[in-house]
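To keep things clear, I will list the structure first and then write my remarks on it.
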Amino acid sequence: MEFKILAKAGKKNHLFIVDDAATLKQISDLDTNELKFSTTAFNNDQSYISINQYSRHIFIYFIRNKKTDWQTAEMLRKGGAELQALMNRQKLAEIVITNLSKNAKAAYLMAQGMALSNYQFLKYRNEAKKLANTLTTVNFTNQSITVKETQELNIITDAIYRARTLVNEPLNYLTAVQLSKEITALGKEAGFKVTVLQKAQMEREKMGGILAVNRGSIDPPTFTVMEYTPKKAINKKPIVLVGKGVVYDTGGLSLKPTPASMDRMKSDMSGAALVSGAMYAIAKMQMPLHVIALVPATDNRPGENAYVPGDIIKMYSGTTVEVLNTDAEGRLLLGDALHWAKRYDPELVVDFATLTGAASVAVGEHGIVCMGTAPDNVKQAFRDSGFRQYERLVEYPLWDEYGDLIKSDAADLKNVGGPSGGAITAGKFLEHFTNYPWMHFDIAGVSFSMTKKGYIPTGGTAYGMRMLLDFLVNYGKA
């Protein structure tokens with residue numbers, strides 16, 4: 001989808017955003033009967049109306065402010081999604097938005113909702129042209145949005161679409177090797193450096209976590225390093241993003257049940273897709289931040305030489321781990337990547353991973369479980385970004401007692417901690433490999449949707465990327 005500012009709106013399909021009955025009178029495009037009809041609709045608490053003027057459609061959206069600004073913002077995004085569906089049913093290709101309300105961000109937010117809901121993954125559909133949405137362009141009148149906001153909408157929408165598509169690709173296309181190629185292409189287009197470590201290099205580095213998970217696969221693993229270095233960065237030390245890249249997870253020899261859970265396991269690399277898409281947006285937006293992103297990638301299969309429960313492996317850090325469940329594999333990849341991040345002496349490390357079913361059970365599809373050792377002001381900044389983007393956070397504790405649950409008699413650690421506190425014991429496992437300010441985001445419950453809900457599509461969601469980019473845009477501002 002494309003966003004543009006028009007010098008003149010002309011007689012195109014038009015959406016007007018208003019917040020009171022008096023503002024309706026500013027819409028000169030309405031005749032007397034249409035204005036009367038619109039006023040009655042507003043007084044009857046309707047959210048929006050559609051007027052067919054035959055040569056074009058007029059839509060009017062009425063803002064009903066919620067208790068908080070962030071709830072009102074989400075209402076506008078969902079309103080945009082609702083209108084997007086209506087516009088596609090009407091086979092409209094473009095719309096002009098004029099914001100007449102007191103909410104300065106209303107046009108931006110409604111356009112964002114339209115864009116997020118307009119995404120489709122039709123690559124493998126023979127009837128793709130027939131099924132494709134007709135809406136391709138959202139225009140704005142001058143007073144409704146700034147040039148910077150329009151550019152931001154274009155870039156972030158593009159980044160989210162690309163991340164969603166990576167998640168939606170099946171394993172028979174998106175192997176770990178192909179994922180590294182896709183990321184390399186993103187880097188060339190957006191302007192960030194990409195380096196890919198192959199299996200032989202990982203063996204020389206003794207990255208035991210990644211290599212153990214990869215043992216059951218006929219496809220090699222990859223470890224992709226992205227780096228964006230602006231001319232004038234405001235951070236003296238880099239921010240490091242880490243994304244779990246398990247391109248498919250069968251559970252290994254601790255095989256998952258199917259169809260209940262294995263069917264959607266192509267999405268187990270959602271963290272990798274999220275940080276890769278974020279790097280694309282960071283570079284395109286030319287953020288004044290030095291950012292590095294790491295993606296350890298492999299599939300997890302029960303192949304002939306697969307690692308087994310009871311194995312003891314040596315991680316990249318030298319830590320030994322007793323494997324009690326081969327389906328707790330993501331933390332093994334992330335442990336190696338988090339230890340790798342130490343070489344950068346980072347200012348902050350942030351990881352995103354579809355790590356535990358426990359996180360999904362706890363908060364479902366309505367938020368992200370997070371935890372970490374970052375300072376309180378950083379945690380608060382993330383929470384604020386989560387509310388602004390309606391990708392909300394629930395922080396879990398990292399109490400020492402949870403660390404006791406992953407102590408092993410046979411090794412330094414074990415990779416699971418028992419039936420209780422699963423999301424936290426996974427976090428405690430990751431914490432072991434850090435010595436810097438760190439935040440962990442478990443996106444297991446929000447990374448993939450089985451049905452379309454508002455502006456959340458079926459399939460990959462890229463949930464969490466807007467929160468992360470909002471945090472980075474505001475990084476260092478206090």
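Does Phe429 count as at pLDDT 95 or above, surrounded by 23 or more Cβ atoms within 10 Å (Cβ to Cβ), in contact with a helix residue (DSSP H, G or I) (Cβ under 8 Å, 6 or more places away or on another chain) and part of a loop (DSSP other than H, G, I, E, B)?
On the way: at pLDDT 95 or above: yes; surrounded by 23 or more Cβ atoms within 10 Å (Cβ to Cβ): yes; in contact with a helix residue (DSSP H, G or I) (Cβ under 8 Å, 6 or more places away or on another chain): yes; part of a loop (DSSP other than H, G, I, E, B): no.
Taking the combined requirement at face value, the residue does not satisfy it.
So is Asp268 in contact with a strand residue (DSSP E or B) (Cβ under 9 Å, 6 or more places away or on another chain), crowded, with 16+ Cβ neighbours inside 10 Å, of a type outside the set (Gly, Ala, Ser) and more than 22 Å from Ser449 (Cβ to Cβ) or not? Don't jump to the end; show me each part of the working.
Working: in contact with a strand residue (DSSP E or B) (Cβ under 9 Å, 6 or more places away or on another chain): yes; crowded, with 16+ Cβ neighbours inside 10 Å: yes; of a type outside the set (Gly, Ala, Ser): yes; more than 22 Å from Ser449 (Cβ to Cβ): no.
Criteria not met by Asp268.
In the stretch 111-149, what count of residues is obtained for those that are within 14 Å of Tyr455 (Cβ to Cβ) and either of a type in the set (Phe, Trp, Tyr) or more than 19 Å from the chain's Cα centre (by Cα) (or both)?
Within the stretch 111-149, the first condition is being within 14 Å of Tyr455 (Cβ to Cβ), and the residues that meet it are 111-120, 133, 135, 138.
If we keep only those that are either of a type in the set (Phe, Trp, Tyr) or more than 19 Å from the chain's Cα centre (by Cα) (or both) as well, we get 119, 133, 135, 138.
Total satisfying the criteria: 4.
Six or more apart or on different chains, Cβ under 9 Å: which pairs go from a residue in the stretch 108-129 that's within 17 Å of Gln84 (Cα to Cα) to one that's part of a loop (DSSP other than H, G, I, E, B) and modelled with pLDDT under 95? Could you list them?
What qualifies is Ala111/Met1; Met114/Met1; Ala115/Met1; Asn118/Met1; Tyr119/Met1.
Hey, Pro437 hits all of (1) surrounded by fewer than 23 Cβ atoms within 10 Å (Cβ to Cβ); (2) in contact with a strand residue (DSSP E or B) (Cβ under 8 Å, 6 or more places away or on another chain); (3) closer than 19 Å to Tyr316 by Cα but one; which does it fall short on?
So the condition that Pro437 fails would be (3).
Return the total of residues in the stretch 399-414 being surrounded by 19 or more Cβ atoms within 10 Å (Cβ to Cβ) and either more than 19 Å from Met439 (Cα to Cα) or among the hydrophobic types (A, V, I, L, M, F, W, C) (or both).
3
Between a residue in the stretch 165-190 that is closer than 23 Å to Thr458 by Cβ and any residue that is among the aromatic types (Phe, Trp, Tyr) and assigned to a loop (DSSP other than H, G, I, E, B), which pairs come within a Cβ distance under 8 Å, given they are 6 or more apart or on different chains?
Thr165/Phe121; Asn168/Phe121
Six or more apart or on different chains, Cβ under 9 Å: which pairs go from a residue in the stretch 22-39 that's farther than 14 Å from Ile58 by Cα and at pLDDT below 95 to one that's among the β-branched types (Val, Ile, Thr) and part of a helix (DSSP H, G or I)? Could you list them?
Lys25/Thr39
How about the stretch 384-405: which of its residues are touching a Ser or Thr at 6+ places or on another chain (Cβ under 9 Å), outside any strand (DSSP E or B) and in contact (Cβ under 8 Å) with a residue 24 or more places away in the chain?
Phe387, Glu391, Leu398, Tyr402, Gly403
Given the condition at pLDDT 95 or above, more than 15 Å from the chain's Cα centre (by Cα) and not in a strand (DSSP E or B), answer yes or no: does some residue in the stretch 239-248 qualify? Please lay out each step first, then the result.
If we filter the stretch 239-248 for residues that are at pLDDT 95 or above, which is where we start, we get 239-248.
Now drop any that are not more than 15 Å from the chain's Cα centre (by Cα), which leaves 239-240, 246-248.
Subset that is not in a strand (DSSP E or B): none.
Checked against the condition, which is being at pLDDT 95 or above, more than 15 Å from the chain's Cα centre (by Cα) and not in a strand (DSSP E or B), the stretch 239-248 yields no hits at all.
Quick one: which residue in Leu122, Leu76, Leu86 is outside the structural domain of Tyr455 (by TED's automatic domain parsing) and surrounded by 23 or more Cβ atoms within 10 Å (Cβ to Cβ)? It would help to see each step written out before you state the result.
Numbers: Leu122 fails: surrounded by 23 or more Cβ atoms within 10 Å (Cβ to Cβ); Leu86 fails: surrounded by 23 or more Cβ atoms within 10 Å (Cβ to Cβ).
Answer to the selection: Leu76.
Can you find even one residue in the stretch 173-187 that is within 30 Å of His432 (Cα to Cα) and either of a type in the set (D, E, K, R) or modelled with pLDDT under 95 (or both)?
Checked the stretch 173-187: no residue is within 30 Å of His432 (Cα to Cα) and either of a type in the set (D, E, K, R) or modelled with pLDDT under 95 (or both).
Counting just the residues of the stretch 271-304 that are in contact with a Pro (Cβ under 8 Å, 6 or more places away or on another chain) and over 23 Å from Phe223 (Cβ atoms), which one comes out surrounded by the most Cβ atoms within 10 Å (Cβ to Cβ)?
So, considering only residues that are in contact with a Pro (Cβ under 8 Å, 6 or more places away or on another chain) and over 23 Å from Phe223 (Cβ atoms), the one surrounded by the most Cβ atoms within 10 Å (Cβ to Cβ) is Met287.
The values are calculated or read from the model by the stated rules, or taken from the named source; none is laboratory data. All values reported here derive from a predicted model rather than from experimental measurement. Heads up, the Cβs are rebuilt from the backbone with ideal geometry, glycines too, and the neighbour counts pull from every protein chain shown.
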